[in-house]
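What follows is a set of notes on a single structure, which appears directly below.
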Amino acid sequence: MSDRTDAAARPPSKGIDSRGPRFTAGITALLLLVDVFLGLITPIGATVAQRASEPAFLLLLAIALLFLWGVLSPRTAPWGVLFRSLVQPRLSPPTDFEDPRPPRFAQGVGLFVVSIGLVLHLIGVPWALTIAAAAAFVAAFLNAVFGVCLGCQLYLLLQRVGIVGRERPAAA
């Protein structure tokens, strides 16, 4: 969390409202589902310029930028702001809080998956864009509907083996 004002408004030990990432995953899943269908009607064998201007590519690029925004500044990412300003005030106070690091890592995993699809699509790999969008859709859908965050589970696995999430030593 980079915003100092948010740290003052919410004690860091509590974490984030667990309903926020699920809301974000719901919107993301809907966008990814649209992209899968757009990818299914995308012609194969186009030039790089044609592939880069296809609606499926442009939508997945926008989704990738939203993932990047969620990694770099989750407090200002559009779906999180929408949740906190319009949805959360209408809900009962949160009772379930979670560490913000796993959902942020999950945004990075989503960014990685869709970026691979975008690059492979540009170099002409058939169905790469659609497969990447479908894989990201499955992960977002599981999170939105069932509360199963695959990226968060990956984060926890990597944390157990000591690759991520280690506390950094204090600067001297």
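The values are calculated or read from the model by the stated rules, or taken from the named source; none is laboratory data. Because the structure is predicted, anything quoted here is derived from the model rather than measured. Note: ideal-geometry Cβ built from the backbone for every residue, glycine included; neighbour counts use all protein chains shown.
Considering only residues of segment 19-65 that are polar (S, T, N, Q) and part of a helix (DSSP H, G or I), which is farthest from L91 (Cα to Cα)?
Of everything passing the filter in segment 19-65, Q50 is farthest from L91 (Cα to Cα).
Would you pick out the residues in segment 124-172 that are farther than 18 Å from P103 by Cα, modelled with pLDDT of 95 or more and of a type in the set (A, V, I, L, M)?
A128, L129, I131, A132, A133, A134
Restricting to segment 25-59, what's the tally of residues that are touching a residue at least 60 places away in the same chain (Cβ under 8 Å) and within 12 Å of the chain's Cα centre (by Cα)?
Residues that pass the stated criteria total 5.
Return only the number of the condition from (1) modelled with pLDDT of 95 or more; (2) within 14 Å of R22 (Cα to Cα) that G108 does not satisfy.
Tallying (1) modelled with pLDDT of 95 or more; (2) within 14 Å of R22 (Cα to Cα), G108 fails exactly one: (2).
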